[in-house]
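The values are calculated or read from the model by the stated rules, or taken from the named source; none is laboratory data. None of the values given here were measured: they were computed from a predicted structure. As a convention, Cβ positions derive from the backbone with ideal geometry for all residues, glycine included, and neighbour counts pool all protein chains shown. Keep in mind that these areas ignore ligands, DNA and RNA; they rest on the heavy atoms of the full protein, side chains included. Shrake-Rupley method; radii C 1.70, N 1.55, O 1.52, S 1.80 Å.
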Amino acid sequence: MGPRWLAIPTVALALFASRPVSAGPPDERPQRPLAEAVQVEPGASCLDHATLLQHLQSWRTDTALDAGIAVLVHGGADPRQIGFEVWVGASARIERNFDPAPESCADRHAVVALAIAIALDDTLAEQLGLIEPEPIEPEPTEPEVVQATDDELPVDEPEPELPSRRPTLGLTLAGGMFGGAHPQLGAGGIVAFDVRALAHFDLRIGGLVSHLPDLRFLEGTIASTIAAGRLDLCWATLPRSVRLRLCGGFAAGALHAAPRGFDRNLPQTLPWSAALAGIDLVVLLVGPLALELRFDGFLALQREVLDLDTPSGATIGSLRYPAGGLIIAVGPRFEF
């Protein structure tokens, strides 16, 4: 038994909610292809526009829709969260949600396509004026006073609220190598929190830290640490199982150097700032858990120079830090 027939029990109840449509030829209205009227934002689901359209056309004989009708199909952060809306003009007339949707990807396409076909029949009939209106009883000329008990008093039912499209939140914890942050290769970590209010754009705030414990210089060593906060704006592909992001921003913090083995071992702290640009790849694993691989290039806004002085105040050497470098980090990401 194919996925198309497995979809019928899932949406069979929707058939009983359909309203009778009177026969009659529709008015001449502008039409557009069904492929243009149906839009798909898959999110973390496996929904595919072409596959969904193929299932939908198997339930409908007409391959065109009234130009004023549009269907928006969207997935959520969970692969089994799927819903759709049927819009007529600027207002949403019908909304359906499947949470959870069927387990297999083929069944998901079949269930959603059948539900859309049923919704379109009802919406199209109402748009074309083919549904006969409910008869309206004429109001009496004189109001009737009716004494009703508490049990007979009408109760105002609240109107159903449409689900809000809340932003997607992400938290990344990654570790990796920092090349160019210190005069030698160092290790470090990154923490980032981002907010996705729009499908293609993320705003990310976070911090980075890198430490090199034994940077050799002259007759001693230096423990070099860089810690900074950062702010980035990212452009990304649509949310899917694999998502690519391009980010750019700034970081500002401090460089702390602790010399050892010199006549004068006085730690020094210098300001540190840089411009950053990078690319990262997010791979959805299961539920809210994903894996993020990040490549960040940075350019120091101020070239840092560390001067080592003798007790008398004479400079015995100057250590110049690189003007820029590359950060490679990988770690878990959690999306909510």
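Considering only residues that are in a strand (DSSP E or B) and open to solvent by 50 Å² or more (accessible area, probe 1.4 Å), which ones fall in the stretch 92-120? Before the answer, list the steps.
Taking the stretch 92-120 as the starting set, the residues that turn out to be in a strand (DSSP E or B) are 92-98.
Answer for the stretch 92-120, where residues must be in a strand (DSSP E or B) and open to solvent by 50 Å² or more (accessible area, probe 1.4 Å): R93, R96, N97.
Let's see how each residue does on (1) more than 18 Å from L238 (Cβ to Cβ); (2) assigned to a strand (DSSP E or B); (3) open to solvent by less than 20 Å² (accessible area, probe 1.4 Å); (4) in contact with a Leu (Cβ under 6 Å, 6 or more places away or on another chain):
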position: V40; (1), (2), (3), (4): no, yes, no, yes
position: T51; (1), (2), (3), (4): no, no, no, no
position: D62; (1), (2), (3), (4): yes, no, no, no
position: D78; (1), (2), (3), (4): no, no, no, no
